[in-house]
1. Identify, please: which residue in the stretch 292-311 is open to solvent by 10 Å² or more (accessible area, probe 1.4 Å), closer than 21 Å to GLU472 by Cα and not hydrophobic (A, V, I, L, M, F, W, C) and is, among those, nearest to the chain's Cα centre (by Cα)?
2. Please tell me if SER680 is polar (S, T, N, Q) and under 22 Å from the mean Cα position of the chain (by Cα).
3. Here are the criteria: (1) in a loop (DSSP other than H, G, I, E, B); (2) over 24 Å from GLY27 (Cβ atoms). Tell me which single one ARG157 does not satisfy.
4. For the stretch 663-675, does any single residue satisfy the condition of being among the charged types (D, E, K, R), surrounded by fewer than 20 Cβ atoms within 10 Å (Cβ to Cβ), touching a Lys or Arg at 6+ places or on another chain (Cβ under 8 Å) and at pLDDT 95 or above?
5. Kindly state which strands (runs of 3 or more DSSP E) lie completely within the stretch 180-280 and contain at least 1 residues that are touching a residue at least 24 places away in the same chain (Cβ under 8 Å) and farther than 25 Å from LYS23 by Cβ.
6. Residues of the stretch 324-343 being open to solvent by 10 Å² or more (accessible area, probe 1.4 Å) and assigned to a helix (DSSP H, G or I), which ones?
7. With (1) of a type outside the set (Lys, Arg); (2) more than 29 Å from THR753 (Cα to Cα); (3) assigned to a loop (DSSP other than H, G, I, E, B) as the list, and GLU668 as the residue in question, which single condition is left unmet?
8. So ILE692 clears everything in (1) modelled with pLDDT of 95 or more; (2) crowded, with 22+ Cβ neighbours inside 10 Å; (3) assigned to a loop (DSSP other than H, G, I, E, B); (4) under 28 Å from the mean Cα position of the chain (by Cα) except one condition, right? Which one?
Amino acid sequence: MKKLALLFSIVLTTLAVAQSRSKVNFGTDWQFKSSETAAWEQVSLPHTARLENLVVVNQFQGVCYYQKKFQIHSSPNQKQFLYFEGVMMEAEVFVNAIPVAHHKGGYLPFTVDISKAIKDNQENVVTVKVTNVDNPEIPPGKPIKDLDFNYYGGIYRNVYLITTPKLYFTDAVEAHQKAGGGISIHFDSITAQKALGTIKAFVKNEEAFPKKVSLKAVLTETKNSLENHSKIVEIPANSSLEISLPITVNNPKLWSTQHPNLYNLEISLIADKTTIDVQNTKVGIRKIAIKEEGLYLNDVKTFLNGTNRHQEYPYIGYALSDEAQYRDAVKIKTAGFDFVRLSHYPQSEAFLNACDALGILVMDCISGWQFFGNQTFQNNSYQEIRDLAHRDRNHPSVLFWEVSLNESSMDANYMKTANAVLKEELPYKDTYTAGWIDNANYDLYIPARQHGKAPDYWTQYDKGSRKILIAEYGDWEYYAQNAGFNQKEFAGLKEEERTSRQFRSNGEKRMLQQAFNFQEAFNSNLKGKQTIGQANWLMFDYNRGYSPDIESSGVSDIFRLPKFANYFYQSQRNVNSDNYSKPMLFIASYWNENSPLDLTVYSNCDEVALYLNDTFIGKQKPAITPFSNLLPHPPFVFKMAAFQKGTLRAEGFIKGQKVVESQVSTPEVAAKVEVAADLSGVVLSKQTSDVIFVYAKITDAQGTVVPDATNEVSFAIDGATLIGQNPIKAEAGIATILVKTNANHKNIKIKATATGLQSGAIELQ
């Protein structure tokens, strides 16, 4: 739970330390209605405008309204703001029927000053009109029916009520200051011995008289802290001023993917020897450089092995809790990835906080996919770049800035301007832009693998010092049957068996094919001398606007259940000292009469020994082929003579020592239901609502999942809300629902039953 605390420290600390500033979650007791729900209903935030079916067809588009009544006590020298983390797609905000904001753009935050509109010690009403319709002037601009993802309506991220004094630190986005606003920190020189940086704070004085102020900065890592003070400066009445403060950290604990060391930066605004305002943020000190030889993180040459992520959950769209965002990041890290591309739009602050805490490098992306709009669209896109830079500039996880409209026919002026805008906001030598078009304005070229020609794709790319990162790979090219592997090996495969788009229910053969497709492309990508990294397509299955089905190239399904490919990627992480790089071993088989006799085992060990019913089969090293010869850890393949019912057991060895063991048993007849909840190491929130997946596994008497079971499962729940189809059929032996909890919930009891099977239950504390 130490990791979870990182997500919320900024809220808890500011409330405790600075009584003049408070940041309170404003997500409870809202009323909601839309054209589909004429009457007001009570909801909590985050919220989606409509609970969709598992397969989304004709997602909700239109206008809906949110309303909340509240009382507030404010003194004359205080200000009140509403901070919206994300509203899809256009928001008009009213307080006591007074219009106070009109924001366009669904993926980034905006702050509303409500100070003059509220009534002190009386009932106030905030109303938000949310419009989510096709709009070619608001990125991503493309109509839903033609889009490769969905943008779900509603106030789908957190809202906070923020109270400050009239002399205060501004919000980074709302200040609209080039290369400024809010609190920022950047280290210009970093070595193992010393890190030199600058803290900048943008302060606003709305008092009727000038104020003399100074800054105090305290940088803390565990028990060690560093304190700095600025000079005293005067801010005139009703004006703003940026204050800079140099900072030197001796023997810094550097942030990396293996050791994501974080400091807490507390910035205090002092006037008349009194602390007026305080802000806290997490800081990571890391050195990034793209050189002739490749990418370097803290002077260590690094190849990025990553994935892509859409922020969608089934049924609720984008309305994830902060804890659910963190759980997704845990799954990405656990799957063997140290890099994630946030395709194809800005994602939540909670997810970035999790990447900071877990050690996942990030490519931050603006909104766009196969659409290039008019000048208004372009101007809105430039503003999105500025807002994204202001929001995310302090995150050590953010490595690259994709200021490119993905797979869109951008003109030269747009690309030049987009890059210039980001460099203006982040004028540092380690600010790296990325674009899908090979244009000199971008620091990094990020083609998809399928944008190249088989069989070489991008392995022969060579434009001097210019580097590339394969932003997407492993999906499309296999479906089109033009990949660079030996085609005759797959002559007997049907088209649906060749593709990387496979569901868990498609069975072993097709999941193995998906995993092999990823493997072959991974191995091929490593041949490129200019390639500094890759991101497979993709981590989780998702819905698409233009196609009435679920896009299934994920290494985990839409319910976050892993496919065989997930374990392939886990096996590619070297065994070393961090918490996510332990010895692993996975037998990619259900071991039944239909299982392939060429048995694949994924492992990061040197050798694997295999036993069937405790009879020794053999001990092997990895299988080196033209499709695995560059991988960190090629798979192991055992040639089984025949199927024999029972238990396969594999043992992994490193330097001759057994370090890990795994087994799989032939499934027997379905006998019972076992219930499990997916927490991924993050306990349920007690302060706000939360969402988790609950799985009902159809197992035999020994607890082995029956992979072809499709039993209908009924769920009963007490203490929380069930979201999803109920009853629901199991897919590949597992039926899944989504559970939404309430703030201050008590114990939650969940029971799952299926005809003819022993029922299962779970209780969540």
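1. ASN305
2. Yes: the conditions hold for SER680.
3. Here ARG157 clears every test but (2).
4. Within the stretch 663-675 (the criterion being among the charged types (D, E, K, R), surrounded by fewer than 20 Cβ atoms within 10 Å (Cβ to Cβ), touching a Lys or Arg at 6+ places or on another chain (Cβ under 8 Å) and at pLDDT 95 or above), the answer is yes, since at least one residue qualifies.
5. So the answer is 183-190, 194-205, 211-221, 233-235, 239-250.
6. Matches in the stretch 324-343: VAL330, LYS331, THR334.
7. GLU668 satisfies every listed condition except (2).
8. (3) is the only condition that ILE692 fails.
The values are calculated or read from the model by the stated rules, or taken from the named source; none is laboratory data. The shown structure was predicted, so the numbers you read here are calculated from the model rather than taken from an experiment. Don't worry about glycine lacking a Cβ; one is built from the backbone with ideal geometry, like all the others, and counts go over all protein chains shown. Just so you know, the surface numbers come from the protein's heavy atoms only, side chains and all, with ligands and any DNA or RNA stripped out. Shrake-Rupley method; radii C 1.70, N 1.55, O 1.52, S 1.80 Å.
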